[in-house]
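Below is one structure; the comments refer to it alone.
Every read-out reported here was derived from the displayed coordinates using simple, explicitly stated rules and does not represent laboratory data. Keep in mind it's a predicted model, so treat the numbers as computed, not measured. Reconstructed Cβ throughout: ideal geometry from the backbone, glycine too, with neighbour counts over all protein chains shown.
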Amino acid sequence: MKMQTNVYSVSGGVAGTVDVPAAFETPYRPDIIKKAVLAAAANARQPYGPGARAGMRHSVSTWGKGRGTARVQRVHDGRMATESPNNVTGRRAHPPVPERKWEQKVNKKELRIARQSALAATACAECVKARGHQFDDSVSFPIVVEDAIADMKATSEIVEVFEKIGIGYDLERAKDGRKIRAGKGKMRNRRYRTPVSVLIVVSDAERNAPIFKSASNLPGVTVEEVKTLNTSILAPGGDAGRLTVYTKSAIDAIGGWTQ
């Protein structure tokens, strides 16, 4: 007998039930989830390093011994030491090299298991609560809402639906948790750090739905199509159990995933 879950209407009531797809029955594998997320982060890194002649663009010579000074390379028409790693304007001793390989390989079967395991964790109330999300105990998992939510054009309407369902507390948690980032990221267009909140999953046919704009103003909220779901989105940072809301059509599409 297949497991069933409630389908919530946009008014907050239960509009019916739906069979939970087999993909949500995948065993919980936090080790493979973590491996897949860390590999994805490593593969997204951009190689970096100094120029090949950085710190070496000088006409230099050494004075040799007998002057009571260090026998380092100095600018040819002056006395400033340069080029040596221990000197100002000198090259770096052991700089990062662009040739370094950052990418990590993960088997295709492991990637599939990681994605489906992270998907199954979104249907486990204990996993979602352990991740720090806040919601009413009466909410049934996985959380499924009728397709009408994808057509909502106002952010206030999305918030109202979440509050009626019983997951509005998590929006407040993300809003109150927005803090100024520590470190130099403040200078690099990422001044604030916002906690991850609700993930809204819609079907591929709803790729142009108004919810993509109306939910974009909510802190920590992300809207994704079924085809763009991956382990990093379902389990940010490698921690499975993200609070996720699926539309009815999205659940039907996930039913086509293979084990």
The set of residues whose placed amide H lies less than 5 Å from the amide H of Q73, leaving out same-chain residues fewer than 5 positions away, is T82, S84
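Could you work out the Kirkwood radius for the stretch 167-259, taking every pair of different alpha carbons, averaging 1/r and inverting it, reported in Å?
Numbers: mean 1/r = 0.0684 Å⁻¹.
The Cα-based Kirkwood calculation yields 14.6 Å.
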Partner lysines whose C-alpha sits under 22 Å from that of K34, ignoring same-chain residues fewer than 8 away, are K101, K105, K108, K109, K129, K227
Under the Karplus relation with 6.51, -1.76 and 1.60 and θ = phi - 60°, whole-Hz ³J(HN,Hα) for the stretch 214-229, x at Gly and Pro, equal 5, 8, 6, 7, 7, x, x, 8, 10, 10, 9, 7, 4, 6, 9, 5
antiparallel share of DSSP beta bridges within the chain, to nearest 5, in %, is 50
Residue separation between V97 and Y48 times 0.36 nm, minus their alpha-carbon distance, gives in nm 17.0 nm
Using alpha-carbon coordinates alone, the radius of gyration and Dmax of the stretch 56-208 in Å work out to 29.0, 87
Residue separation between M56 and D137 times 0.36 nm, minus their alpha-carbon distance, gives in nm 22.7 nm
Mean-square fluctuation maximum in Gaussian network of the chain, Cα pairs under 10 Å, restricted to A54, A120, A44, hits A54
For the pair K129 and R207, the simple spin-label estimate (label points 7 Å beyond Cα toward Cβ) gives in nm 3.9
For the chain, the dipole about the Cα centre with charges only on Cβ (Lys and Arg +1, Asp and Glu -1), to the nearest 20 debye, works out at 2740
Placing each pseudo-label 7 Å from Cα in the direction of the beta carbon, S216 and N87 end up separated by a distance in nanometres of 5.4
Here the equivalent ellipsoid of the chain, derived from its Cα gyration tensor, has semi-axes (largest first, whole Å) of 54, 21, 15
Under a Gaussian network model of the chain whose springs join Cα atoms within less than 10 Å, the largest fluctuation of A39, A93, A114 belongs to A93
Contour minus Cα-Cα span, Y192 to R67, at 0.36 nm per residue, comes to 39.5 nm
With the label point 7 Å along the Cα-to-beta-carbon line of D19 and a cut-off under 17 Å to each amide N, the hits in the stretch 241-257 are 248-257
